[in-house]
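Report on one structure; see the data block that follows.
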Amino acid sequence: QVRLVESGGGLVQAGGSLRLSCKAFGATLKINRMAWYRQAPGKPRELVAGIEPNGLRKYADSSFEGRFTISRDNAKNTLYLQMNNLKPDDTAVYYCKMSSGRTWWGQGTQVTVSS
């Protein structure tokens with residue numbers, strides 16, 4: 001059974017940093033397409049960044065590139081999202097997603113950025 005478990009969210013002041021983690025159980029992360037999404041209150045879930053099995057990284061918007069970095073540690077079977085210079089608009093629940101024919105989602109981790 002595949003499970004994705006996110007952690008690392010919390011409350012941070014604007015300009016601060018957080019590193020989100022997503023550990024995969026029951027599947028090998030590096031052979032799957034992985035991504036981070038987020039969902040703010042009252043808004044649809046949106047893609048933040050993705051990483052392909054070959055390591056290619058893509059960011060959904062220019063506002064993420066330069067502030068956010070998606071990466072993975074194959075030995076730990078864990079996906080990361082390093083978030084720097086956080087803004088109040090980054091407040092959302094952040095989810096990781098694994099795609100390999102079918103799709104799995106983690107339970108989400110709350111990120112709150114205060115002004």
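Dipole magnitude of the chain about its Cα centre, charges +1 at Lys/Arg Cβ and -1 at Asp/Glu Cβ only, in debye to the nearest 20?
Dipole of the chain, to the nearest 20 debye: 340 debye.
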Got a sec to turn the phi values of segment 42-47 into Karplus ³J(HN,Hα) couplings, 6.51 cos²θ - 1.76 cosθ + 1.60 with θ = phi - 60°, whole Hz, x for Gly and Pro?
-> x, 10, x, 5, 10, 6
Between segment 22-53 and segment 67-95, the alpha-carbon center distance in angstrom | 10
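When ligands, DNA and RNA are left out and all protein chains stay put, how many square angstrom of accessible area per residue does the chain have with a 1.4 Å probe?
53
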Ordering 86-96, 32-42 by per-residue average of other C-beta atoms within 10 angstrom, highest first, gives 86-96, 32-42
Residue-ordered couplings for segment 26-31, obtained by feeding phi - 60° into the Karplus form 6.51 cos²θ - 1.76 cosθ + 1.60 and rounding to whole Hz (Gly and Pro as x), are x, 7, 8, 4, 5, 9
With a 1.4 angstrom probe the carbon and sulfur portion of accessible area for the chain, in percent, totals 46
What does a probe at Lys76 reach in segment 2-37, counting residues whose amide N is under 12 Å from the point 7 Å along Cα→Cβ?
-> 7-8, 19-24
Return the distance in nm (one decimal) between the two label points of a simple spin-label model at Gln39 and Val2, each offset 7 Å from Cα along Cα→Cβ.
-> 1.8
Can you give the FRET efficiency for Asp61 and Ser100, using 1/(1 + (r/R0)^6), R0 = 22 Å, r = Cβ-Cβ distance, to the nearest 0.05?
-> 0.30
Pull up all non-local amide H partners of Val48: gap of 5 or more, or a different chain, and H-to-H distance under 5 Å with H placed in the peptide plane.
-> Trp36, Tyr37, Arg38
Hull-based mean projected area of the chain, where the convex hull spans the alpha carbons, in square nanometres = 6.8
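The values are calculated or read from the model by the stated rules, or taken from the named source; none is laboratory data. These numbers were taken from a predicted model, which means no experiment stands behind them. Here the Cβ is made from the backbone with ideal geometry for all residues, glycine too, and neighbour counts use every protein chain on show. The area values use the complete protein model at the heavy-atom level, side chains included, leaving out ligands, DNA and RNA. Shrake-Rupley method; radii C 1.70, N 1.55, O 1.52, S 1.80 Å.
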